[in-house]
1. For residue 201, indicate whether it is under 25 Å from residue 155 (Cα atoms), at pLDDT below 90 and in the same structural domain as residue 31 (by the TED database).
2. Would you pick out the residues in the range 11-51 that are open to solvent by 10 Å² or more (accessible area, probe 1.4 Å), touching a Leu at 6+ places or on another chain (Cβ under 8 Å) and assigned to a helix (DSSP H, G or I)?
3. Free of Cβ contacts under 8 Å to residues at least 40 places away in the same chain and not hydrophobic (A, V, I, L, M, F, W, C) - does that describe any residue in the range 306-313?
4. For the structure I just gave you, tell me whether residue 267 is open to solvent by 30 Å² or more (accessible area, probe 1.4 Å), modelled with pLDDT under 95 and assigned by the TED database to the domain that holds residue 213.
5. So which residues in the range 275-290 are buried (at least 22 other Cβ atoms within 10 Å of the Cβ) and farther than 17 Å from residue 313 by Cβ, if there are any at all?
6. Among the residues of the range 52-89, write down those that are surrounded by fewer than 24 Cβ atoms within 10 Å (Cβ to Cβ) and in contact with a Phe, Trp or Tyr (Cβ under 9 Å, 6 or more places away or on another chain).
Amino acid sequence: MPIAPDRVRGALETIRSRVVRTPLLESPLLNELVRSRRGVADARVFVKAECLQHTGAFKFRGALHKLLCMDDETRGRGVCAFSSGNFAQAGAACLTRLPRRPSPLTIATSGRRPLPTTGLNPHRVRYSGGVVLGRTLLHPFDDEDVILGQGTLALELFEQHAEAGAAGGAGGGRVAPLSRLLVPTGGGGMAGGCCLARDAASPQTQVWAIEPEGALNTLYNTVFPPRGWWIQHVGTPATTICDALQANAPGHVTFAINSRGLAGAAAVGDADVIEAMRVAFETLKLVLEPSGALGLAALLSGQVPLRDGEGVAVVACGGNVALPDFLGLVQRERTQ
């Protein structure tokens, strides 16, 4: 049964007091850069800074919503998370924000290195090489409650855009309706949640999935022609710096939503991602991990449509990057 879009509103009410209402940023410098590069007039860019969310990524929303939707008995048996890092870290941090902290409540991750758990009781977070029997799986994207939680960022975004319209916005004058929302995509949970939020709050806005070149590109190659690519290439090793977006297959739930809800998809190369990291730092003062810069990279490099007077929103979904890695990538881009 399809997920009712209005359920995203309920998810936001559930988690609102426990998440950061991350800012929707607009920079005149970024607007001018995009207009110049794309050859358009009066286009405006709005960036949802989920890199400023708890644990530095949007994943906190979905993990928290899933845990809050469980009853005490289920949570008390423990949960198990797997991810490339951001989701498992978010799940661990959520333990401090539950109305009751059952004991034991454990999270296992198959990550190759322990996740930061500062401020957590070490007896509540355990690490394992695989899924632990008897505990509830926190799937990083293919779960209705997780998808609804991720969709709350888009619902906030639409609220904030309306508020900017009432105030005039950083660009001055009329704030254009949002023509497109650009969403970095791996397994499709955030994209699916954004599609649901769009249906509930801003039906005129197109949602685009932005994937890294060298990853599976499931949405780019199966929701849109050529079809059948996924069956041939599932499990192909990723060759991208966007290490937070390396799902080796789309989820059943996410694919059902995105195949109906997405207006388009694009794949972006590493060089464009690195440039977008630099641009975000220089124009917005944001430090983004490579995966978090995908949407801006697609806009700057011309991978998505942009017309005169349009408003485009970009999800800057994460900022979990080590300082030496960030500096190394940005400095490398400057020397090329």
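The values are calculated or read from the model by the stated rules, or taken from the named source; none is laboratory data. The shown structure was predicted, so the numbers you read here are calculated from the model rather than taken from an experiment. Methodologically, a virtual Cβ is constructed for each residue, glycine included, from the backbone with ideal geometry; neighbour enumeration extends over all protein chains shown. Calculation scope for accessible area: heavy atoms of the full protein, side chains included, ligands and nucleic acids excluded. Shrake-Rupley method; radii C 1.70, N 1.55, O 1.52, S 1.80 Å.
1. Against the criterion (under 25 Å from residue 155 (Cα atoms), at pLDDT below 90 and in the same structural domain as residue 31 (by the TED database)), residue 201 does not qualify.
2. 14, 18, 33, 37, 38, 51 - these are the residues of the range 11-51 that are open to solvent by 10 Å² or more (accessible area, probe 1.4 Å), touching a Leu at 6+ places or on another chain (Cβ under 8 Å) and assigned to a helix (DSSP H, G or I).
3. No, the range 306-313 contains no residue that is free of Cβ contacts under 8 Å to residues at least 40 places away in the same chain and not hydrophobic (A, V, I, L, M, F, W, C).
4. No: the conditions fail for residue 267.
5. Selection gives 277, 289, 290.
6. 53, 54
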